[in-house]
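Heads up, the thing below is written out as C-alpha cells.
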Amino acid sequence: MRVALLTEGGYPYAQGELVAWCERLVRALPRHDFEVRALSRGRQQARGPRRPLPPQVRLVRTARLWGPPPGDRPSRRAARDFAEAFEELTAGLTGDAGAGGGVADRFATGLYALADLAAAHGGLARWLASDQPIAVLEAACRRPGAPRAAVGAGVGDLLAVAERLERALRPLSLDWYAGHPFDPGLGKADVCHAVGGGPAALPGLLARHFHGTPLLVTEFRMRLREHHLSALAGAAGHAVAPSAARAPVRALLAGFQLGLARAVYRGAQLITPGDPRTGRWQRRCGADPARQRPVWPGVAAGELAACADEVPPPPVPTLVTAGPLDEDADAGGLLRAVARVRAAEPAARLLALGGPAPEPGAVPAVRWCPPGAVEHRPASGAAERAAGWAAGTVAVLVDARGGFPAALVEAMSCGRAVVAVDAGAAAEVLGDAGVLVPPGDPVALADACLALLRDPVRGARLGAAARARALDRFSHERGIATLDAGYAELAAGRVAAAGTARPCRRLARAVPGPRPAPGVLATAEELS
Amino acid sequence: MSASADPVRSLLAEHRELCAAAVDPLEIAAGLEARGVDEATAARCRHRDVFSLAEELHARAARPAPPPAPRPTARAGARLALPLLPGALCAAGLWLVDRLPPEAAPGRAALTVACGVLTLLAVLVVLARHAPPGVAGLLALPPVGYALVGDEMLAELLVGQRHETGSTAAAALLLAFSVAPVAWCRDAFTDRRAALLAVPRLREFAAGTRVSLLRCCLLLACALAVPPVALWLLAPPWAPLEGAAPLAAAALGWPLGLAALLVRHGLRGLAAAGLALVGGVELVALALAGAGWLPGCAALAEPVAELVAAHGAAVVPLAACAAGGGLLLVGAVVVLPRPSAHRAVPVRPADDRAGRAPGDASSDPSSALPTDLSSDLSIQPPPGVSQRRPPSRPWPHRSHARSTTSDDRTTRHAGHDRSRSPEAPEV
C-alpha cells in the first residue's frame, strides 16, 4: 500500500513537531510504501539535519512555507480569476453565508476554486503577495456579517493577514498532485495521512479533490485552539504586547483557521484526535463523530514496564510525582497532602521526577513540608524515568493540564498504584485502575495516598491493573495499529469505489510489481 | 448570594480580561480550558459544554475601547541629533587638518584618512542601521567618489581645456552634512507611513502615502540647500566654497536621500537602479572624455567638452543627479503607495522567529505536547503557561493569592509568547 505522509514543520526534518512520532510510525510499518511530503516552517529547519530514512520511504518531497513567494507573476486574466475565487474564500472567512449555502461551503468552494486555478495557471503565491488580495480582504472586512473585531482592520492588519494567508495557502500551488517522471503524484497514493490539521492537511484535501485519494488526519493539537491560545498569550492584559497581533489580524486568521478546519474535517474520511479535548474541538468544528477514532500519542509502555521490573521496591513509603513542583502543577495542594501523610506516616517522603527543585518561596506551601521530605530527581530517558516511578510506592499525579497525560500513563506502565486528580483526561486514561480524587482537595488526596500506603495488596492489585491498561491502550504500538487498520480500511474503500470506474487500474494493482531499489526515488528531492 | 444566582456573572468577573480581549467565542473557550474551566463548571452554569458557555460569555462581555497605542516619544533627541554626526566629524577633521603645518604631510594624510573613515562609519550608522542597503550601498560609492574627485579628473581628461574646479574639502563637508536632511526626511516618512498603516481604506492609504512622499521630497530639497548656504555665509578658510562643484555634491543628496528612503521600505532594487543611473552617467562622461585621448577618437569627447565649456564641469554630476533622482522619484511615487510594497515590514517579523539555536525547540514551553511526544520520555510538565490551571475550588488562602497574581499571569503569558518556537506555525 502506498501511504503519503503529509507533515508540516516536522518529519523528516530532525527538528520540529512530532518527529519521533512520525519516525516511529514509518519504521513500524515496513509493509507499506511511504512517500513523505513535508512543508518546512523556516530556513533553519529546512537547512537543518534530517532523520535517516528507512527503506520503506520511497520518496521525499519538500516545500517551504517561508521566504519570498515562489512562482511567476500571474497573467491579468489569471489574476481576475484568482480574485473571484479568493473573494469566495474570504466570504467564508468573515462569516458571510451569502445566498446559497453556509459559510463553510463558501470557504471550501473558494479554496477548491483557487486550487483549480492555481493548477491551471501555474501557481498562486505571487498573486497572493500582490495588491489584489489585500483589496479583496478590505472588501471582506466591510461586508455585513464580518466579525466585529475585523471591522476596524487597518491596511497594516490586512497586509499581515495577506502575508500569513499567502504562506498558509502555498500548498495550493504545489506540483504534488499530478504525476511527474520521478514523482507519481498524490493521485497514485492509496491513502494520504496528514499529521496535523493545518496546512499539512491541505495537500491531502486537494489530492482528494483532484483524484479522490482518501484522507486520514491525525491531530494531537487542534490548530485553531493553538491559534487562540497563542493569541491569548500575546494579548492578555497588555495594551500593546510586543509581539502580539492586533485583534483584526487575530479575528481574520481565526476565521481562516476555522474555515480550514471545517473543510479538512469535512473532507477527511478518518480523523484521529489525540485526546478527548481535541476530539471535542474537532466536533465543534464540524467533525463527524462517526469518522473520529482516538489515537493517543502513547508512551513506550513496554520498555518502561521492563525497566521498572528491575527496580526493587522502596524501603520507606514513598510517594512519587512528576516534577517540577511549581504553582502551575498545583504543587501547593500536593505538598499540603504530603504534610498530612507525614503526620500519619512520619517516614513517608515525596519524590519529584524531572525538572529542577523549586526556588525558595516559589511554592508557598513548601514550608509545610520539613526538609528532607521532598526529593527532586532529574530524570530523562526511559530507563531513568522508569527507575524513578518504580522507586515509589504510590504515584501521585496532580498535574491537571489538559491534553494527553503522559506522566500518568508512564506511572501506570511502571505498575505502581496511581492516585490522580480528576481533571483533564485523567479519568478516561485511568479508568478503574487507580484512585481518582476531586481537584482542589488535599485532604482527599492525602487520605487516598495513606490508604494505598497502608494496604500494599490493594496497591499491587491496582498497579497491575494500571500496567495492563497502559500496555493495552496507551502504548505506541496500539496507536500505530489503529492507524494501520485505518489505512487498510481507507484503501479498501478506495479500491472498491475506483474499481467500477477503472477496472484496469484495479487489475494492475492486484499484481504487485517489483519494488524499486531503495534510494532511487528517495533522491527525487525538490525545493520549490 | 449573587454568585449562586448567576454563576456566569461571577465567571465573567473572574475572566474579565480574557472575555474583553477575545475576538471569538472559541478564543474564550480556549482560554477557559487553559485556566481549568471544564465541563463540570459549564454544567454548573447550565451549559452543555464549555463552548456554549464561552458563547454566552462572549455575548455578555463588556468591551472597553482599546487604549491608544503609545507614541514612541523616547529617543527623539537622539534621532534628531545623530544624523548630524557625520557632518560634525567631517568638519572637525577638516579643521584639524587645516591646523597642521604644511610640512607634516604624513600626519595630514593620516588624519584625512582617519576622518574619512570615521565619517563613513557614522554615515553607515545613521543610514544603514535599520535597513541594510545591500547592493544599493555599493552603487552609492561611484557618485560619491565622483562628487569628491570627479570634476578634477574630468578637467584633466578633457584635452586642452583648463577649468576651475572646486575644493574637495567643501564637497566632502557638504556631502557629510546632507546626511542629516536625508535621515530626517526618511524618518519622517517612516513615521507617517506607520500611522497610515492603521487607516482602514486602501485608497486613503495610497493617497496619504503619495502626499506624504511628495512632502518629504520637498522638505528634502529645501533642507539640502541649507548646508551650501551656511557654508557660503560662514566661509571657513579650511573648506572654501569655490565654483559649482560643491553645489553638485549637495545635489547628490537628492538621489541618495530618495534611495535611502526606498531602502528603508525594502525596495532595494529600485534604489540600486537609480544610483546605478547616476553613477553610470558620470562614468560615461569620464569614459568619453578619456576616449578623446585615443588616436582618431577625439570626436567622442566633443559633446562632453562642449557641454563643460558651456556650463562648467559641474554640469555632468548635476545632470546625472537629475536623471537618477527623477527615476527614483517616479519609482517611489508609483511603488510606495501600493500596500504590497510594504510587505517587507511585517507586523511580526519572521526573522526574529527563525533565529534561534537548534537546541531550543526541545526546551520550548509552547511546544509542550509535541516535545512530550517527540522526545520519547523527557516529559517535563513545562512551565505550562497557557495550560495554567488554578483549581476550580481553590483553597481559602489560594483564592486570595489568585486575586493578587493576575499581573503575574499576564507577564507569564507575555513571556510565553516571546519564547515561542522559531518554527511555530505561522497560521
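Here are some notes:
- Selection from region A:415-436 of residues that are within 14 Å of chain B (Cβ to nearest Cβ), crowded, with 24+ Cβ neighbours inside 10 Å and modelled with pLDDT of 90 or more: A:A420
- Leading residue by the ranking (nearest to B:L173 (Cα to Cα)) among those in region B:93-107 that are assigned to a loop (DSSP other than H, G, I, E, B) and open to solvent by less than 80 Å² (accessible area, probe 1.4 Å): B:L100
- Among residues of region B:196-224, those that are surrounded by fewer than 16 Cβ atoms within 10 Å (Cβ to Cβ) and either in contact with a strand residue (DSSP E or B) (Cβ under 8 Å, 6 or more places away or on another chain) or in a helix (DSSP H, G or I) (or both), counted: 9
- Just one of the numbered conditions (1) at negative phi; (2) surrounded by fewer than 22 Cβ atoms within 10 Å (Cβ to Cβ); (3) in contact (Cβ under 8 Å) with a residue 40 or more places away in the chain is not true of B:H311: (3).
- Given (1) of a type outside the set (D, E); (2) in the same structural domain as A:L18 (by TED's automatic domain parsing); (3) open to solvent by 30 Å² or more (accessible area, probe 1.4 Å), index of the condition A:A46 fails: (3)
- Residue list for region A:161-216, restricted to those being open to solvent by 20 Å² or more (accessible area, probe 1.4 Å), among the basic types (K, R) and within 14 Å of chain B (Cβ to nearest Cβ): A:R164, A:R167
- Helices (runs of 4 or more DSSP H) contained entirely in region B:108-186, each with at least 3 residues that are modelled with pLDDT of 85 or more and under 31 Å from the mean Cα position of the chain (by Cα): B:135-139, B:141-145
The values are calculated or read from the model by the stated rules, or taken from the named source; none is laboratory data. Here the structure is a predicted model, which means the values were calculated and not measured. Virtual Cβ from ideal backbone geometry, glycine too; neighbours counted across all protein chains shown. With ligands, DNA and RNA removed, areas are computed over all heavy atoms of the protein, side chains included. Shrake-Rupley method; radii C 1.70, N 1.55, O 1.52, S 1.80 Å.
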